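Read through the structure below, which is laid out as structure tokens, and then see the notes.
Just so you know, all these numbers are worked out from the coordinates, no wet-lab data involved. What you see is a predicted model, and the numbers here were worked out from it, not measured in a lab. Every residue, glycine among them, receives a Cβ derived from its backbone with ideal geometry; neighbour counts consider all protein chains shown.
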Amino acid sequence: MAEVVIVENEAAAGVLIAQSIRGLIESRPDAVLGLATGSTPIPVYQALAASFAADPLDVSRVRGFALDEYVGLPFGHPESYRQVITREVVEPLGLTAANIHVPDGSLATIEHAGLDYEQAILEAGGVDVQILGIGRTGHLGFNEPGSSFGSLTRVKTLTEKTRVDNARFFDSPEQVPMHCITQGLGTILRARHLVLLAFGAGKADAIAAAVEGPMTASQPGSAIQLHPHVTVVVDAAAASKL
Ligand code: GLP
């Protein structure tokens, strides 16, 4: 059963999770963080940056693995998750860029990119804490409905709903890539601690299905019920259907 923490607002969630991640890095300077993109985890990164600014900590050995990436965006595209992670996490937190991994969405190497990524996570000793947002379709990473609970990093097709949701980051909906490479639900479940965040009424159905619904591939978020150590941090609106 997941531990559900209801917080006042996104900033409070950020501070709470940042404290826990800071504690992890203090006890393990080469901690492995599982990084999520999207708007949801931004308060966590902001709170961590504020914490490091107020009380500096050596984070040069911290390692990180992003959940997912678009397939086929030109190298350096500002909305590629490689660029987003650099902008929102690596630079503000002062992490060492070479320690932070993002699945490789280039078409030339896509055939073995999934296996390569799994290997890199294994070689790092696995993820200590995985930060997760959730999509309105219930997706974790880009594991859309129908994803197997045992799946590993692989190429997936984005649903129309997710492409529409993510169109806000692009100039037009047609520019949102059709495909992505994402850690599988099985990859995510191997992390030692999952921290799932959600804010706002638009996420209430996905959170209820993830935390209390039947475990089913049509609600990828429900895979968290298989994990022994899950913390769900939500505001009252996202918790309203629990
Ligand atoms: C994105 C990401 C997910 C994220 C989700 C929710 O497309 N691939 O990792 O959790 O959709 O996004 P947001 O946090 O912006 O609502």
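Some values worked out for this structure:
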{"quantity": "Whole-Hz couplings from phi, Karplus 6.51/-1.76/1.60, listed for region 144-158; x for Gly and Pro", "calculated": "6, x, x, 6, 6, 5, x, 5, 10, 4, 6, 7, 10, 9, 6"}
{"quantity": "Shape of region 1-141, Cα gyration tensor, a/c cut at 1.5", "calculated": "prolate"}
{"quantity": "Over the chain: helical MRE at 222 nm, DSSP H runs n ≥ 4 each giving -39500 (n - 2.57), nearest 500", "calculated": "-8500 deg cm²/dmol"}
{"quantity": "Near-label residues of region 1-19 by backbone N, under 12 Å of a point 7 Å along Cα→Cβ of Ala237", "calculated": "9-10"}
{"quantity": "Surrounding net charge for Asp55, when Lys and Arg each add one and Asp and Glu each subtract one, Cβ distance under 13 Å", "calculated": "-1"}
{"quantity": "The chain: C-alpha gyration tensor shape, a/c 1.5 cut-off, then a/b vs b/c", "calculated": "rounded"}
{"quantity": "Which of Leu33, Leu189, Leu226 has the fewest Cβ neighbours within 10 Å, and the rest in rising order", "calculated": "Leu226, Leu189, Leu33"}
{"quantity": "Positive minus negative residues near Asp68 (Lys, Arg vs Asp, Glu; Cβ under 12 Å)", "calculated": "0"}
{"quantity": "Summed side-chain charge close to Ser80 - residues other than Ser80 whose Cβ falls under 13 Å, Lys, Arg +1, Asp, Glu -1", "calculated": "-3"}
{"quantity": "Whole-angstrom gap from region 152-204 to region 5-25, using each part's C-alpha centre", "calculated": "22"}
{"quantity": "Estimated FRET transfer efficiency (Thr109, Ser218; beta-carbon r; R0 30 Å; 0.05)", "calculated": "0.45"}
{"quantity": "Prolate/oblate/rounded label for region 118-242 (Cα gyration tensor, a/c 1.5)", "calculated": "oblate"}
{"quantity": "Label-point separation in nm, Met178 to Glu8, each point 7 Å along Cα→Cβ", "calculated": "4.8"}
{"quantity": "Within the chain, percent of DSSP bridges classed antiparallel, to nearest 5", "calculated": "30"}
{"quantity": "Antiparallel %, DSSP beta bridges [both residues in region 148-233], to 5", "calculated": "55"}
